[in-house]
Amino acid sequence: MSAPAKVTLDIWSDVMCPWCVIGLGQLDKALASMDGEVDATVRFHPFELNPDMSEEGEEQAAHIQRKYGRTAEQSAGVRETLRQAAERAGYSFDYTGDGEAPPAMMWNTRMAHRLLTWALRDFGPDLQVALKRALFDAHFQGRRNVSDPEVLAEVAESVGLPRLNALQAMIDPQIDAIVTAEERQAWDWNVTGVPAVVINGKLIVPGAQEPDVYADLIRKVLAREAGGKA
């Protein structure tokens with residue numbers, strides 16, 4: 001029996017992006033269906049959907065209405081579509097905190113991207129992926145302010161990353177420079193929306209795809225690398 005094929009999946013993504021967590025759920029299913037066939041390394045890279053978001057953030061429904069010109073009814077319809085898509089991907093947007101749910105908010109994500117970039121650089125992809133999942137949960141399910149360095153450091157600590165180092169990383173100019181460079185790389189590749197999955201540095205897959213689409217495209221890239229026909 002041959003060893004699983006190595007595949008690297010570089011994902012440009014934002015913590016605020018519901019389609020990014022949906023796409024990750026679909027990719028999880030794709031990789032589970034390829035168990036024993038591929039040995040995948042997943043790495044996240046920064047993409048800020050709202051780089052000019054104020055420190056106060058913005059209520060999600062109002063944000064959708066303002067940014068996309070939707071009515072309140074249309075905004076509610078978008079959120080329901082997302083809820084159903086997340087459910088199919090195995091993720092819930094339901095509030096899991098204590099007491100009455102606070103309003104769903106949109107936040108500036110620069111600090112979160114610095115934290116994720118540091119986690120990948122200093123601790124590797126596995127811990128970075130764990131951090132990314134925890135940040136998704138903190139935002140979508142916990143409705144926490146993931147632009148707050150203290151909240152971010154607490155989330156980092158929850159997955160085994162050192163809190164003090166996390167706080168230092170978020171004010172490290174070298175980390176910020178990496179974030180800027182990787183965002184520029186996304187634009188150079190004409191990645192204008194997320195999620196965007198890059199398979200072995202060769203094929204960009206835009207948007208949240210179905211599990212079978214991800215699996216088929218991974219197989220095509222691997223077949224091309226092996227000299228086969230895709």
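The values are calculated or read from the model by the stated rules, or taken from the named source; none is laboratory data. Bear in mind the structure is a predicted one, so any value in this text is a computation, not a measurement. Glycine also receives a Cβ, built like all others from the backbone with ideal geometry; neighbour counts cover every protein chain displayed. Quick note on the areas: whole protein, heavy atoms, side chains included, nothing else; ligands and nucleic acids left out. Shrake-Rupley method; radii C 1.70, N 1.55, O 1.52, S 1.80 Å.
Key figures
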quantity	calculated
Rounded to the nearest 20 debye, dipole of segment 1-71 from Cβ charges on Lys, Arg, Asp, Glu	280 debye
Solvent-accessible surface (1.4 angstrom probe) belonging to TYR68, in square angstrom, nearest 10	130 Å²
Between helix 125-136 and the chain: long-axis angle, C-alpha atoms, 0 to 90°, nearest 10	40 degrees
Charge dipole magnitude, Cβ of K and R +1, D and E -1 - the chain, Cα centre, debye nearest 20	780 debye
Estimated Rh, segment 94-216: Kirkwood, alpha-carbon pairs, angstrom	15.8 Å
Solvent-accessible heavy-atom area per residue, rounded to whole Å², over the chain at 1.4 Å	50 Å²
In degrees, nearest ten, helix 211-225 long axis to first principal axis of the chain (Cα)	40 degrees
Per residue convex hull volume, Cα atoms of segment 175-230, in Å³	96 Å³
Cα point-scatterer Debye curve for segment 1-61, base-10 log of I(q)/I(0) at q = 0.22, 0.29 Å⁻¹	-0.94, -1.25
Which of LEU131, LEU120 is most accessible, then next, and so on - probe 1.4 Å	LEU120, LEU131
Alpha carbon centroid spacing (whole Å) that separates segment 157-230 from segment 116-138	12 Å
Label-point separation in nm, GLU80 to ALA32, each point 7 Å along Cα→Cβ	2.8 nm
Relative packing of peptides 101-112, 76-87 - highest average C-beta neighbours within 10 Å first	101-112, 76-87
Tilt relative to the chain, helix 110-123 - C-alpha long axis, 0 to 90 degrees, to 10	40 degrees
Under 27 Å, Cα to Cα: Lys pairs in the chain, sequence gap 8 or more or different chains	14
Among ASP98, ASP39, ASP137, residue whose mean-square fluctuation peaks in a GNM of the chain (springs only between Cα atoms under 10 Å)	ASP98
Relative contact order [Cα under 8 Å, 6+ residues apart], the chain, whole percent	30 percent
CD proxy at 222 nm, helix term only [per DSSP H run n ≥ 4: -39500 (n - 2.57); per residue of the chain; nearest 500]	-16000 deg cm²/dmol
Among GLY57, GLY23, GLY193: highest mean-square fluctuation, GNM of the chain, C-alpha pairs under 10 Å	GLY57
Total formal charge among the other residues, if their Cβ is under 13 angstrom from that of GLU58, Lys/Arg +1 and Asp/Glu -1	-2
Segment 1-110, accessible surface, carbon-and-sulfur percent (1.4 angstrom probe)	50 percent
